Amino acid sequence: MSKTLIAYGTRFGATAKSSEVIAKVLKEKFNHEVDVINLSEHEENLNLSIYNNIIVGSSIAKFSWTKQAKEFLKNDFTSKKLFVFISSAGITYPALEKGNMKKYEKWKRRFLDRVVKKNANVKTSSTAVFGGWIERNGQMKLDN
Ligand SMILES: Cc1cc2nc3c(=O)[nH]c(=O)nc-3n(C[C@H](O)[C@H](O)[C@H](O)COP(=O)(O)O)c2cc1C
């Protein structure tokens, strides 16, 4: 059976929620075994040898990935399928609000494709940008 790890870095929770939704679909519709981990709560080394598929998710804030997700990308993913997504309110905004796909594609290359190319040792099977959210009145802390 195919076993999948979803490893994510979040600041405000959107990437965690996206990860849970992906896990639910993979389990319920595709009968995959899925583990989901929040990289900032996982200090010890993970045994990646048990997974065929790796999904890495990162929050984008202040133009940056979380340091844990970026670091995790540097693992050896040889002979695994790698999928990567980011949660970013800013990157999806031009496409959703203004229909500006060129700007969206440019920012996707800058904040997703280039980071993966620079840090991961395999090509991705698929990448995605999810919208994320911003709580206007909530208290937000940005420490990674
Ligand atoms: C302080 C702050 C900075 C942000 N900076 C960016 C940014 O530089 N680019 C972007 O696309 N979105 C930015 N966002 C929006 C986030 O991408 C969005 O809130 C996303 O849901 C964050 O993912 P998370 O909830 O998993 O941390 C920012 C949000 C906050 C609150």
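Taken together, the values in this text are just the output of simple stated rules run on the coordinates, not laboratory data. Remember, it's a predicted structure, so these values are computed and weren't measured experimentally. FYI the Cβ positions are ideal-geometry reconstructions off the backbone, even for glycines, and counts take in every protein chain you see.
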Exercise. Given labels modelled 7 Å from the Cα in the Cβ direction, how far is it in nm from S64 to F30?
Worked result: 3.2
Seminar exercise, completed: The FRET efficiency for E44 and R109, from their Cβ-Cβ distance with R0 = 41 Å and rounded to 0.05, is 0.75
Exercise. If eta is 1.306 mPa s and T is 10 °C, what Stokes-Einstein diffusion coefficient results for the chain, Kirkwood Rh from Cα pairs, in µm²/s?
Worked result: 101
Seminar exercise, completed: Toy charge model, Lys and Arg Cβ at +1, Asp and Glu Cβ at -1: the chain dipole around Cα centroid in debye, rounded to 20, equals 840
For this session: Past 29 Å, Cα to Cα, is the threshold; run K3/K62; K74/K106; K27/K74; K29/K62; K17/K80 against it and keep the listed order.
Result: K3/K62; K29/K62
For this session: Determine the calculated [θ] at 222 nm for the chain from helices alone, applying -39500 (n - 2.57) to every DSSP H run no shorter than 4 residues and normalising by the residue count; nearest 500 deg cm²/dmol.
Result: -9500 deg cm²/dmol
For this session: Note down the net charge around A95, summing +1 for each Lys or Arg and -1 for each Asp or Glu among other residues with Cβ under 13 Å from its Cβ.
Result: +3
Exercise. So who's got an amide H within less than 5 Å of the one on S2, skipping anything under 5 residues away but keeping other chains? H placed 1.01 Å off N, in plane.
Worked result: E33
Exercise. So how do 51-58, 2-9, 111-118 stack up, highest first, on mean other-Cβ count within 10 Å?
Worked result: 51-58, 2-9, 111-118
Seminar exercise, completed: For the E20, S126 Cβ pair and Förster radius 22 Å, calculated FRET efficiency rounded to 0.05 is 0.75
Problem set entry | Whole-number percent relative contact order across the chain, with pairs defined as alpha carbons under 8 Å at least 6 apart | 26
For this session: Tally the DSSP beta bridges in the stretch 13-144 and give the antiparallel ones as a percent, rounded to 5.
Result: 5
